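Below is one structure, written out as structure tokens; the observations come after it.
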Amino acid sequence: MRFAPSPTGPLHIGGVRTALYNYLFARQHGGVMILRIEDTDSTRFVPGAEDYINEALHWLGIGIDEGVIEGGNYGPYKQSERRDIYRKYVKQLLDDGKAYIAFDTPEELDAKRQEVANFQYDASTRLQMRNSLSMPADEVQRLIDAGEKHVVRFKIEPNCDVVVNDLIRGVVTINSSILDDKVLYKSADDLPTYHLANIVDDHLMEVSHVIRGEEWLPSAPLHVLLYEAFGWADTMPQFVHLPLLLKPDGKGKLSKRDGDRLGFPVFPLEWHDPKSGDISSGYRERGYLPQAVVNFLALLGWNPGDDREIFSMDDLIKEFSFEHCSKKGAKFDYEKGKWFNHEYLMNMGDAELALVFKPVLAQNVDVSQFSDDYIAKAVGLVKSRVNFVGELWDQARFFFVRPETYAEKDIRKRWKEETPDILRALIEVLHSIDNFTSQHTEEVVLGWIKEHDYHLGNVMNAFRLTVVGECKGPHMFDISELLGKDETIARIHAGIERIKPLDNA
Ligand code: GLU
């Protein structure tokens, strides 16, 4: 298997899915996963794009066996370093009469397009053009020797059925007459075009399955013809064209602009455009866990055949199959992405989550004051309330700093004339408790409230207001257990001193 991105910008989330499916299939079958950089179009090269691809795949745990970094026996793995190889295969096609040399300048081609409606460079027009089929051999040689710029075009036989067998699409047959004589090589930069390089490399690298986005399906008939022209039809890879990722409303292809417009990333990592300086947001920087992104993407276009949704990478490797890939485009449901992240946070051990949370915590407090165990417990109590690690601070803040202010609307609702006296009595009750565990403290305090016939909601919420600063958060006695008796009591004291009743306006 190979993933063969062109380094023309940040890897789109659809490209990540393509890489993932290649990886899953390779691992499932004990195959090899190659990362090939297709950089033959020098005009579209973007600095930083190749590093970005490597970093994104690494972050997501999509392992590469052979590639520019990993090495391997089939290199170089960057097409711009394979010129010698391509030259040889271009020559083979020329020698076999399967391709020809053409000298038409861009201006001449334009003029022809003006003159003939729907002009196509093919069997019906090629003899009217300036190429090695229409010109005498010595003239062709003279032009080449004189350094005239030229291209090599594929000589497509008209009126043949071309059959593309696709594992998702089924059999697609087209007539070769609709294809033009594609440019395979340009002397100007001594480089092949995508089509030639792609086919030669897939052949030489012994690729068995070409899994790629649906946008490449129109190129597939041409690729089939190239395999035949080279005499490689027997070892032609199996094609698999993946359905598109669609906009959330299902209307059209998901684009970078949808992400900007609807406020979600369409790139795995943040991307700083080297030319414009624009920053596009990434899943990693938004606080996504890589496993959640992988799970989310895997299910955009594939399903396990039942309603299971949570799959580790190992599960996916076991279960993935093309039979369960959809032919239809997959709607990009970003809310579902958040849900996945939430599920993965919930399933993470508290200690592990605490480790990820620590850098966020460190931006707000001196972490050395708190034990790892304390941080883990705090995180464990609030994790069900968040989708992202970054949101944990907001939810867990009161475990690390005393309330500086108290929520006005909660004061209005819960802080009565008699509240300070009741809380003073509560302090006495708490003082007397030796075993300050959540369950025991709850028993004692609720018993005391009942005994005095206090209003349960008002007393508990006033208690919470002094400790948390507002009437929200996890179970109150879990909070008091973690904060400990002294800290809990100190906060109630501070609340009594600082909170003044407000009119219930
Ligand atoms: N270089 C092509 C791309 O950027 C690869 C297409 C293919 O996988 O054949 O997507």
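The values are calculated or read from the model by the stated rules, or taken from the named source; none is laboratory data. All of these numbers come straight from a predicted model, not from anything done at the bench. Backbone-built Cβ (ideal geometry, glycine too); neighbour counts: all protein chains shown.
What about Tyr344, is it surrounded by 14 or more Cβ atoms within 10 Å (Cβ to Cβ) and free of Cβ contacts under 8 Å to residues at least 60 places away in the same chain?
yes
Quick check on this structure: which one of Val382, Val360 is at pLDDT below 95 and assigned to a helix (DSSP H, G or I)?
Answer to the selection: Val360.
Hey, Ala229 hits all of (1) more than 15 Å from the ligand (Cβ to nearest atom); (2) farther than 21 Å from Val152 by Cα but one; which does it fall short on?
The number of the failed condition is (2).
If a residue must be of a type in the set (D, E, K, R) and outside any helix (DSSP H, G or I), how many such residues does the range 323-357 contain?
Of the residues in that region, 4 qualify.
Quick one: in the range 149-173, of everything that is part of a loop (DSSP other than H, G, I, E, B) and not basic (Lys, Arg), which residue is surrounded by the fewest Cβ atoms within 10 Å (Cβ to Cβ)?
Per the criteria, the residue is Asn159.
Closer than 30 Å to Ser132 by Cα, surrounded by 16 or more Cβ atoms within 10 Å (Cβ to Cβ) and modelled with pLDDT of 95 or more - does that describe any residue in the range 19-38?
So far as the range 19-38 goes, yes, one or more of its residues are closer than 30 Å to Ser132 by Cα, surrounded by 16 or more Cβ atoms within 10 Å (Cβ to Cβ) and modelled with pLDDT of 95 or more.
Of the numbered conditions (1) in contact with an Asp or Glu (Cβ under 9 Å, 6 or more places away or on another chain); (2) surrounded by fewer than 23 Cβ atoms within 10 Å (Cβ to Cβ), Glu66 satisfies every one except a single condition; which is it?
(1)
Condition check ((1) within 26 Å of Leu297 (Cβ to Cβ); (2) in a helix (DSSP H, G or I); (3) of a type in the set (Phe, Trp, Tyr); (4) within 16 Å of the ligand (Cβ to nearest atom)) across all residues:
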position: Leu20; (1), (2), (3), (4): yes, yes, no, yes
position: Asp39; (1), (2), (3), (4): yes, no, no, yes
position: His58; (1), (2), (3), (4): yes, yes, no, no
position: Gly75; (1), (2), (3), (4): no, no, no, no
position: Arg87; (1), (2), (3), (4): no, yes, no, no
position: Gln92; (1), (2), (3), (4): no, yes, no, no
position: Glu107; (1), (2), (3), (4): no, yes, no, no
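Checking the condition within 16 Å of the ligand (Cβ to nearest atom), in contact with a strand residue (DSSP E or B) (Cβ under 7 Å, 6 or more places away or on another chain) and within 18 Å of Lys98 (Cβ to Cβ), which residue from His203, His195, His209 passes?
His195
Search the range 130-158 for residues that are without any contact (Cβ under 8 Å) to a residue 60 or more places away in the chain and pair each with any residue that is aliphatic (A, V, I, L, M) and part of a loop (DSSP other than H, G, I, E, B) when their beta-carbon atoms are under 7 Å apart and the residues are at least 6 apart or on different chains.
Filtered contacts from the range 130-158: Lys149/Ala188; Pro158/Ala123.
Which one is nearest to the chain's Cα centre (by Cα), of the residues in the range 270-289 that are part of a loop (DSSP other than H, G, I, E, B) and closer than 19 Å to His342 by Cα?
Filtering the range 270-289 for residues that are part of a loop (DSSP other than H, G, I, E, B) and closer than 19 Å to His342 by Cα, the one nearest to the chain's Cα centre (by Cα) comes out as Tyr283.
Do you know which residues across the range 254-272 are crowded, with 19+ Cβ neighbours inside 10 Å and either of a type outside the set (Asp, Glu) or closer than 20 Å to Glu50 by Cα (or both)?
Answer for the range 254-272, where residues must be crowded, with 19+ Cβ neighbours inside 10 Å and either of a type outside the set (Asp, Glu) or closer than 20 Å to Glu50 by Cα (or both): Leu254, Gly259, Pro265, Val266, Phe267, Pro268, Leu269, Trp271.
Provide a single number: the residues in the range 231-253 that are crowded, with 19+ Cβ neighbours inside 10 Å and assigned to a helix (DSSP H, G or I).
Here the count works out to 0.
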